[in-house]
Amino acid sequence: MTRDTNVAINFAGNVFEGAHPIILLADTELLRKVLIKDFHLFTNRRRIEGINGPPLNHGLFSLQNDEWKRSRSNVSPTFTTSKLKDNRNDFIQIMVDQTETHNSHLENTDKVETPTKQYLALKDDEIIGQALIFFIAGFETTASLLSFFMYALAVNPHVQEKVFQEICSVCIDENGMNDISYEKIGQLHYLDAVINETLRMYPPVTRFDRESSVPCELGGYMLPTGTIITVPVYWLHHDPDVWENPEQFIPERFYSSEKLKRDPLYFVPFGIGPRSCVGMRFAIQTVKLAIVQCLYQFEICTCEKTTIPLKFEKALNIFPQDQVWLCVNKRSL
């Protein structure tokens, strides 16, 4: 970097991982440039040598540049609204169908293979790589979110009661719980706010990275190719200048009127911009279905072993230092 690398104007800080300088960026205007406006300059995630071997190197998390764009364009239809409504979760079959559709289109148009047409088809090893990434990332994210959600309800019983009453009013009739449709899940607005507050306090990852693909200017600095920009998710979610009493669980922060008062870059549990988590909507939909089924039948409570507040290990993901103990009581319906 030109200018003094020990000075971090508009940055949260300049730190080192070993001998490699890392820019810890917390200014939301500069983050907007990196993640959205100038995304073409910061398309790639950092690659960690020794981890990104096959088949993970074919997954969206590891792919770079045009290979990432091609795979993303194929994977995105897997998570459209129509797929979520149909509750189709056979990702491998969906991606195979998508590839066969493109191949059939090529055969039925002309025999000249242009780069544009070749661009869309996924290969078998890429389908395997995407499916593995979906399983690893999806399982961990939904399990973590559900665990922290239940903990938050246990230590905030008034919030749990309000979520339960909303579920009863939207999803329950005189015959009990019927099939929960995509449309009904979308009507659970308070539940949505509680999930978002859980993600604010306990984000799936504490940070994520982007890497500059060419020399570029950012905040008055010239960055060389390969500069790592780290987005401090946990810090953004707990900035006391943005979130009043950030360690308190307040779902009302995510009412529509409240969200309009703050920069959306202060809430990025799944990233933001073109490289945000492609399966975010599916993960949230799955979590909501699980919550509705669980809270309709059970009440979640604290017990003598419950740790309040939680203490965490220092890691990329949020892990409690000790086991989390809760009590589950069956409701009388």
Single condition LYS314 does not satisfy, out of (1) part of a loop (DSSP other than H, G, I, E, B); (2) buried (at least 17 other Cβ atoms within 10 Å of the Cβ): (2)
Residue match in the stretch 225-238 (condition: in contact with a helix residue (DSSP H, G or I) (Cβ under 7 Å, 6 or more places away or on another chain) and assigned to a loop (DSSP other than H, G, I, E, B)): no
Residue match in the stretch 284-301 (condition: within 23 Å of THR142 (Cβ to Cβ), of a type in the set (S, T, N, Q) and modelled with pLDDT of 90 or more): yes
Sole residue being of a type in the set (D, E, K, R) and either buried (at least 21 other Cβ atoms within 10 Å of the Cβ) or within 30 Å of ASP66 (Cα to Cα) (or both), chosen from ARG207, ARG262: ARG207
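For the stretch 281-295, check the following and say yes or no: at least one residue is part of a loop (DSSP other than H, G, I, E, B) and touching a residue at least 12 places away in the same chain (Cβ under 8 Å).
Within the stretch 281-295, not a single residue is part of a loop (DSSP other than H, G, I, E, B) and touching a residue at least 12 places away in the same chain (Cβ under 8 Å).
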Meets criteria (buried (at least 21 other Cβ atoms within 10 Å of the Cβ) and out of contact with any strand residue (DSSP E or B) (no Cβ under 6 Å at 6 or more places or on another chain)) for TYR190: no
All positions within the stretch 207-224 that are assigned to a loop (DSSP other than H, G, I, E, B), in contact (Cβ under 8 Å) with a residue 24 or more places away in the chain and in contact with a Ser or Thr (Cβ under 7 Å, 6 or more places away or on another chain): ARG207, SER212, SER213, VAL214
Filter result (within 18 Å of ILE136 (Cα to Cα), surrounded by 14 or more Cβ atoms within 10 Å (Cβ to Cβ) and either among the aromatic types (Phe, Trp, Tyr) or modelled with pLDDT under 75 (or both)) within the stretch 59-91: GLY59, LEU60, PHE61, SER62, THR78, PHE79, ASN89, PHE91
Restricting the stretch 5-55 to residues that are within 18 Å of THR206 (Cα to Cα), modelled with pLDDT of 75 or more and of a type in the set (Lys, Arg), the residue that is surrounded by the most Cβ atoms within 10 Å (Cβ to Cβ): ARG45
Residue list for the stretch 252-280, filter: among the small types (Gly, Ala, Ser) and either in contact (Cβ under 8 Å) with a residue 24 or more places away in the chain or not in a helix (DSSP H, G or I) (or both): GLY271, GLY273, SER276, GLY279
Subset of the stretch 125-179 [more than 19 Å from the chain's Cα centre (by Cα), at pLDDT below 85 and in a helix (DSSP H, G or I)]: ASP125, GLU126, ILE127, ILE128
Qualifying residue in the stretch 179-187 (condition: in contact with a strand residue (DSSP E or B) (Cβ under 7 Å, 6 or more places away or on another chain) and either more than 17 Å from GLU252 (Cβ to Cβ) or not hydrophobic (A, V, I, L, M, F, W, C) (or both)): no
Candidates PRO246, PRO240, filtered to the one that is in contact with a His (Cβ under 7 Å, 6 or more places away or on another chain) and either among the charged types (D, E, K, R) or at pLDDT 95 or above (or both): PRO246
Only listed residue being surrounded by fewer than 17 Cβ atoms within 10 Å (Cβ to Cβ) and under 12 Å from LEU191 (Cα atoms), chosen from GLU161, GLU140, GLU166: GLU161
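The values are calculated or read from the model by the stated rules, or taken from the named source; none is laboratory data. If you're wondering where the values come from, they're calculated on a predicted model, not measured in any experiment. Heads up, the Cβs are rebuilt from the backbone with ideal geometry, glycines too, and the neighbour counts pull from every protein chain shown.
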